[in-house]
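Below: one structure, written as structure tokens.
The values are calculated or read from the model by the stated rules, or taken from the named source; none is laboratory data. Computed from a prediction, not measured in an experiment: that's the story for all the values here. Cβ atoms come from the backbone with ideal geometry, glycine included; neighbour counts cover every protein chain shown.
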Amino acid sequence: MVDVENLEFKWGKKRGVGGKKRDVRFYESFTYDGEEYRLYDCVYFFKDDEPLPYIGKIIKIWENPDKTKKVKVVWFFQPHEITCYLAAEEALENELVLATGEGLGLTNINPLEAIAGKCNVVCISKDSRNRQPSIEERQLADYVFYQTFDVGQRTISDKIDEKIAGIEAKYFFNREGFLKPSADQKSGGAGKEDTIGKQIPEQPDGDMKVSLSVIHDKVAPVVQEVGSEIAGTDKKDSLSGLKSSSKIDSDVREGNKAKIDDSVKVPDEAKKINVQNFSRHDSDSNAAKALEPNVKASEDKSKLAKDSHGKVKSFLKELKTDDKLTKLGNGKLPKESSVQPPKDYKKSKKHALQSMGKLDFDRSKWFKELPWEERMKNAHEEGTLVLLQNLDPAYNSADVQDIVRQVFKETCTAKMFQRTAFSNPYYGQAFVIFKTREVAQMVVTRLDKGCLLLPNGRPLVASIANPSFPKKQSTFSGHLTLDKLKLQTQREMKEAVSTSHCSQPNTLEFDMAMEWCLLQERAECSWKKLFELQEKEYRKVKAELKSK
Amino acid sequence: MEYAEFEEKVKRTLYVDDLSPNVTEAVLRSALDQFGTVKSVQFIPNYLGPSNLPQRALVEMAEPKEAKAIISVLTQFPFMVAGMPRPVRARAAKMEMFDDRPKRPGREIQYCWLKPSDPDFQVAKRLKHLVQKHSAESALMLKQQLLKEEELAKQQAQSLKANYKKYEMVDSIVADGRVSKLAKYYNQMFDRRFVFPG
């Protein structure tokens with residue numbers, strides 16, 4: 001139902017041609033859905049079922065001979081996507097990390113229609129090549145970045161390479177004119193009270209322009225009027241969403257004033273986005289249909305806002321509709337009815353995406369966290385694995401990470417040991433993986449030379465860990481097999497059937513089992529005794545501590 | 001809230017050890033499903049102990065009373081899983097056995113670096129030594145326990161072999177008719193069921 005043709009599209013300046021038959025046209029810019037996109041702009045993409053947007057920098061724009069329009073982007077990552085390489089709590093609240101290096105995740109070629117909007121990303125790298133952003137620019141930024149993530153090496157760095165994906169570094173730094181404040185950026189920074197969209201360029205008559213700006217803000221929903229007619233209304237009106245909506249409607253009814261600018265602010269608490277304004281046109285099915293996908297697009301963005309950690313965000317989605325909508329102005333009165341976002345919202349959103357160009361990759365799979373055991377093995381080989389002893393057994397892994405962060409100002413990944421029957425319940429132990437071997441050494445040395453006293457009289461003990469990794473063994477002392485029965489047992493194991501039973505008295509098996517029980521019982525007693533003795537011994541020395 | 005939920009989970013979980021390395025989650029599930037509903041099985045990895053340590057696992061049941069029942073049955077009767085005669089052992093699970101335990105509410109960890117001039121410094125040093133000594137002690141104990149287990153296993157294997165040999169011998173003299181002949185000779189009745197009950 002969504003016709004891409006409905007969305008205005010115009011190529012900008014041609015850069016050249018390429019391809020075997022020289023029939024691929026490259027461009028410097030294009031106008032899509034009322035927004036001009038140029039090379040090196042940052043843009044949003046959305047993927048089904050993924051709440052957060054993908055953000056990329058356009059590095060190539062072209063049209064294939066079959067008229068499909070493509071853009072190539074270098075990706076920015078959200079910290080949560082690369083959590084095993086960058087601690088999320090370390091990241092700034094609106095930080096992105098630029099992809100670099102070589103490999104999966106650096107760039108992608110996407111259908112141009114998949115672009116969901118412009119994104120203002122500011123480089124805050126202290127690099128001398130980078131023009132430092134002004135305070136205003138930083139405030140206007142949707143996101144900032146200063147670190148890069150090497151997708152091949154999987155390392156984080158604050159250096160920006162000479163070239164990323166063949167593109168010179170200067171295009172990743174802030175460029176002059178790069179942050180030319182356009183209407184949407186202004187509204188983002190101005191945030192709360194400013195009238196939004198005064199800067200919106202006048203649209204040709206007959207066009208109906210609706211701009212929906214979703215602002216993530218703690219302020220109660222405030223609807224502000226934009227555009228000449230509405231700006232003229234009194235303050236009270238401008239504070240009530242409904243009123244302003246009806247104002248719009250009355251404007252529409254007036255017929256000749258087809259230009260409506262409206263911006264809706266949505267607080268972060270609001271899960272449902274108020275898109276009533278659009279729905280009012282439902283009496284005119286054509287118009288409503290044409291509007292719907294755009295409503296969806298705006299909703300997508302609102303998701304973004306929800307996730308942006310209290311940062312004021314603004315999106316100004318400009319909807320320019322063609323003749324179809326101007327028909328609306330010609331007589332047919334839109335009915336006043338407040339319609340919630342359609343129930344089949346999801347479906348139609350998908351629909352919209354399908355026809356508008358779909359992303360055909362799953363970014364979430366790119367940098368999956370390795371299983372702990374694997375990480376431990378790697379860390380062990382690199383010498384970054386440390387064993388901490390004498391922790392309070394009640395701590396959890398996050399506590400240990402906290403301690404390390406506070407004491408050493410270093411991030412790490414920690415894992416408390418899981419207690420078993422053979423570990424002294426009085427002592428907690430943990431494995432900790434540090435970023436580098438040097439850090440690991442430093443921590444061990446400092447804890448060895450000095451004494452870090454944790455609560456409850458527990459000086460922390462650290463050593464470079466030397467773990468053993470369980471190998472698969474097939475025999476188990478205590479399980480007897482007769483060769484004849486072996487095959488049968490293997491089959492049973494595979495099918496996991498009848499592999500367990502309680503032993504019955506008066507059998508040889510029972511007698512032997514009893515011997516094991518005896519051994520188990522004895523072992524348990526000795527462990528208990530040992531642990532008691534150890535604890536007593538520890539407490540005795542601990543009592544000598546003056547500070548508790 | 002999260003912590004209270006976790007405490008509930010601990011109550012319906014049991015710690016099982018002395019498991020053969022061949023035991024998989026499916027095996028353990030089917031072994032314990034007869035006592036109730038197994039909700040989850042998590043094997044506890046062993047990174048510091050000897051590599052031939054038996055497996056251990058946390059088994060979460062649907063209800064705390066199911067976990068209790070299993071522990072009681074397995075304490076009274078030797079319970080075999082995936083092999084015999086070494087039975088598995090079940091105990092109530094403890095919080096510290098879990099990998100993903102939530103933060104205990106209201107805990108704040110304070111720390112301080114002791115100065116070498118502080119009289120506590122020396123005490124702390126001794127405590128650190130003690131920790132290392134104790135962990136060495138535990139390691140030694142574990143090693144000895146494994147040795148004892150191996151010894152018992154060997155001994156049992158031998159007696160099983162001897163037993164098996166005995167049965168085979170009996171089997172063969174029954175099969176070749178020598179038993180019947182002897183029975184006749186001594187004027188006794190011979191019934192196979194004496195030798196092969198069932």
TODO: Would you mention how many residues in the range A:73-83 are surrounded by fewer than 19 Cβ atoms within 10 Å (Cβ to Cβ) and among the charged types (D, E, K, R)?
DONE: 0
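Return the residues of the range B:18-31 that are facing another protein chain (nearest Cβ under 8 Å) and in a helix (DSSP H, G or I); say none if nothing qualifies. Spell out the reasoning first.
Of all residues in the range B:18-31, those facing another protein chain (nearest Cβ under 8 Å) come to B:18, B:20-22, B:24, B:26-27, B:29-31.
Listed by number, the residues that qualify are B:Ala26, B:Val27, B:Arg29, B:Ser30, B:Ala31.
Here is a yes/no grid of residues against (1) surrounded by 11 or more Cβ atoms within 10 Å (Cβ to Cβ); (2) closer than 30 Å to B:Gly49 by Cβ; (3) modelled with pLDDT of 90 or more; (4) assigned by TED's automatic domain parsing to the domain that holds B:Gln76:
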| position | (1), (2), (3), (4) |
| --- | --- |
| B:Gln145 | yes, yes, yes, no |
| B:Ala162 | no, no, no, no |
| B:Tyr167 | yes, no, no, no |
| B:Ser180 | yes, no, no, no |
| B:Tyr185 | no, no, no, no |
| B:Pro197 | no, no, no, no |
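Determine whether A:Trp75 is over 22 Å from A:Asp161 (Cβ atoms) and in a strand (DSSP E or B). Show your work before the answer.
Values: over 22 Å from A:Asp161 (Cβ atoms): no; in a strand (DSSP E or B): yes.
The answer is no for A:Trp75.
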TODO: Could you tell me whether A:Arg154 is more than 19 Å from the chain's Cα centre (by Cα) and surrounded by fewer than 22 Cβ atoms within 10 Å (Cβ to Cβ)?
DONE: no
Task: Residue list for the range B:74-103, filter: facing chain A (nearest Cβ under 7 Å) and among the β-branched types (Val, Ile, Thr) - done: B:Val81
Task: Among residues of the range B:110-137, those that are charged (D, E, K, R), in contact with a Leu (Cβ under 9 Å, 6 or more places away or on another chain) and farther than 14 Å from A:Lys449 by Cβ, counted - done: 2
TODO: Please work out which residue is surrounded by the most Cβ atoms within 10 Å (Cβ to Cβ), limiting yourself to the range B:34-56 and to residues that are polar (S, T, N, Q) and facing chain A (nearest Cβ under 7 Å).
DONE: B:Asn46
Open item on the list: I need a count of the residues in the range A:406-430 that are within 27 Å of the chain's Cα centre (by Cα), more than 8 Å from every other protein chain (Cβ to nearest Cβ) and outside any strand (DSSP E or B).
Closed with: 3
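Picking from A:Glu373, A:Glu369, which residue would you name as being at pLDDT below 90 and either part of a helix (DSSP H, G or I) or in contact with a strand residue (DSSP E or B) (Cβ under 8 Å, 6 or more places away or on another chain) (or both)? Talk me through it step by step, then tell me what you get.
On the way: A:Glu369 fails: either part of a helix (DSSP H, G or I) or in contact with a strand residue (DSSP E or B) (Cβ under 8 Å, 6 or more places away or on another chain) (or both).
Testing whether each residue is at pLDDT below 90 and either part of a helix (DSSP H, G or I) or in contact with a strand residue (DSSP E or B) (Cβ under 8 Å, 6 or more places away or on another chain) (or both) leaves just A:Glu373.
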Task: Residue selected from the range A:1-15 under the condition farther than 15 Å from A:Lys69 by Cα and surrounded by fewer than 15 Cβ atoms within 10 Å (Cβ to Cβ), by the criterion modelled with the lowest pLDDT - done: A:Met1
